[in-house]
Ligand SMILES: [Mn+2]
């Protein structure tokens, strides 16, 4: 899978304006791969202009990174104006948020560059899908495009690629040997890993620190089988507080917060808790808890959230009961 294929599609479309789209709440891998791709395109196809766009904004961490790297992201991209659309780190149109329909209906050729397997529906609408599943990140794929063209990314592009790779490999926990080779080459260009790593951690607000510590002080610990379940409540930053409780040692944490009649509950657990018990927080706890609280709940296996009505006490009590029931079911 090579950049030549991408260039062929763009040349055949006689593209003048290329739109590079990231998924909603674009993470550093999405934003940084789009940025490095944009620079590559500007160098090898100077007659083409391109723009980075996203349907529903970029993540807080991406915003933080953009303070150091000069990336411009258009939050209201003109899909209809594009002669070609490139989706980066995005393998379904749903991930484009409110741009999904406009991209699907676009007559311009669509190119997908992603390290996740292509969705069959995406393959149907795309002219070209480059999906390298053994790649650590979309950033590593874009770096390989540079190599194929015998080009070296500039310093800012190299920094961006480094940040995207670091983020997507969860600080190299998921890295493979090619990742380390890539990172070593990026360092040769002038990236200082120690310096860059610091821009991947968000400075924490004072109020968030207080919320996390209050949640810990108020936590009620329950031992079920050999699991420690922590329940707590705090008026803001519930998700951060639940994460803090799990970091401290709880296997699972539920942190509730009340605003008028509304209650919000964030759930977090360790990977181990999910794998051994088979409990999927989104499906098994948040969803029924949301229904019970006449609201909505859902999420991932180890991170989920619920919105509903009722008190903190009532919500946490039901949450604990759901955990108990699920534990005895497995
Ligand atoms: Mn990614």
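Take the eigenvalues of the Cα gyration tensor for the range 228-294, scale each by 5, and report the square roots as semi-axes in whole Å, largest first.
Square roots of five times the eigenvalues give 20, 16, 7 Å.
Roughly how many whole Å is it from the C-alpha centroid of the range 216-234 to that of the range 173-187? Their Cα centres are 39 Å away from one another. Using 0.36 nm per residue and subtracting the Cα-Cα separation, the extra length available between residue 25 and residue 325 on full extension is 104.5 nm.
So what's the chain giving for Rg/Rh, alpha carbon basis, Kirkwood Rh from the mean inverse pair distance? If you can, show how the numbers build up before the last one.
Working: Rg = 22.3 Å, Rh = 21.6 Å.
Rounded to two decimals, Rg over Rh is 1.03.
Got a sec? Which residues in the range 251-274 would a label at residue 60 touch, if it sits 7 Å along Cα→Cβ and we count backbone N under 12 Å? Residues passing the 12 Å test: none. Computed over the chain with a Gaussian network model linking Cα atoms closer than 10 Å, the most mobile of 48, 141, 213 is 213. For the range 3-198, the Stokes-Einstein estimate of translational diffusion at 25 °C and a viscosity of 0.890 mPa s comes to 149 µm²/s, using the Kirkwood hydrodynamic radius over alpha-carbon pairs. Fewest neighbouring Cβ atoms within 10 Å first, the residues 143, 35 line up as 143, 35. To the nearest ten degrees, helix 312-329 and the longest principal axis of the Cα atoms of the chain are 80 degrees apart. Against the main long axis of the alpha-carbon atoms of the chain, helix 177-189 sits at an angle near 60°.
Which angle between 0 and 90 degrees, to the nearest 10, do you get for helix 206-218 versus the longest principal axis of the chain when only C-alpha atoms count? For 206-218 against the chain, the angle is about 30 degrees. Of 41, 128, 316, the residue with the greatest mean-square motion in the GNM of the chain, using alpha carbon springs below 10 Å, is 316.
Defining a contact as two alpha carbons under 8 Å apart and six or more residues distant in sequence, what relative contact order in percent does the chain show?
RCO, the chain: 12 percent.
Let me have the 222 nm mean residue ellipticity of the chain computed from DSSP H runs of 4+ only, each contributing -39500 (n - 2.57), with the sum over all residues rounded to the nearest 500.
Values: 14 runs with 144 residues, N = 330.
Value at 222 nm, helices only: -13000 deg cm²/dmol.
Rounded, prolate or oblate for the range 208-329? Axes are the square roots of the Cα gyration tensor eigenvalues, ordered a ≥ b ≥ c, and the cut-off for rounded is a/c under 1.5. Oblate shape, in that a/c is at least 1.5 and b/c is the bigger or equal ratio.
Each value in this text was obtained by applying a stated rule to the coordinates, not by laboratory testing. Every value quoted in this text rests on a predicted model; they were computed, and no experiment measured them. Please note: Cβ atoms are built from the backbone with ideal geometry, for glycine as well, and neighbour counts cover all protein chains shown.
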